[in-house]
Amino acid sequence: MDEYNNQPGQTSQGELTASGGTGTAARMKEQISETAADVKGKVTDFGRKAADRIDNSRESAAVTLEKTATSIHAGGDKLSGVAHSAADKVQATADYVRRTDLKGMAEDVQGIVKRYPGPALAAAAILGFLVARGLRRGD
């Protein structure tokens, strides 16, 4: 009786076989899954390489900040305590950049945004404006 009820391209449970079209859909689904996995892997690899490049440049950034702090301190003798305070902050930034990797910096930024959402949003808006303005000048 099952043989009588079965249509061509179907199994006894009513499922379509490869000749009935489901095989093509399954192959397409598999290809899409493989492509998605490949793209995900490439994006992950790209992100890892970018983070490594940033982490590798931290030391040179810290050295530059230290030189800036030293210059401000040297010139600050002629200026005021404000210059020395600014130089101390630049030095503290150099120390932070030297000891904190990219992941740690991202975690710190997330913590600041959670604690101070309003000022963080304002700072992001200002930063976005300045970046857009800089890009417009570059044209």
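Which members of region 61-83 meet the condition of being β-branched (Val, Ile, Thr), out of contact with any helix residue (DSSP H, G or I) (no Cβ under 7 Å at 6 or more places or on another chain) and either at pLDDT below 85 or more than 14 Å from ARG98 (Cα to Cα) (or both)? So that I can check it myself, show each step before the final result.
Applying the first criterion (β-branched (Val, Ile, Thr)) to region 61-83 yields 63-64, 68, 70, 72, 82.
With the extra rule that they be out of contact with any helix residue (DSSP H, G or I) (no Cβ under 7 Å at 6 or more places or on another chain), the set shrinks to 63-64, 70, 82.
Residues satisfying the conditions are THR70, VAL82.
It is to be established whether one or more residues within region 100-111 are over 18 Å from the mean Cα position of the chain (by Cα), surrounded by 10 or more Cβ atoms within 10 Å (Cβ to Cβ), at pLDDT 85 or above and part of a helix (DSSP H, G or I). No, region 100-111 contains no residue that is over 18 Å from the mean Cα position of the chain (by Cα), surrounded by 10 or more Cβ atoms within 10 Å (Cβ to Cβ), at pLDDT 85 or above and part of a helix (DSSP H, G or I).
Out of ARG27, ARG58, ARG48, report the one residue that is without any contact (Cβ under 8 Å) to a residue 60 or more places away in the chain, among the basic types (Lys, Arg) and in contact with a helix residue (DSSP H, G or I) (Cβ under 6 Å, 6 or more places away or on another chain). I'd like the intermediate steps shown before the answer.
Values: ARG27 fails: in contact with a helix residue (DSSP H, G or I) (Cβ under 6 Å, 6 or more places away or on another chain); ARG48 fails: in contact with a helix residue (DSSP H, G or I) (Cβ under 6 Å, 6 or more places away or on another chain).
Criteria check complete, one pass: ARG58.
The values are calculated or read from the model by the stated rules, or taken from the named source; none is laboratory data. From a predicted model like this one, the values you see are computed outputs, not experimental measurements. We place every Cβ from the backbone using ideal geometry, glycine too, and count neighbours over all the protein chains shown.
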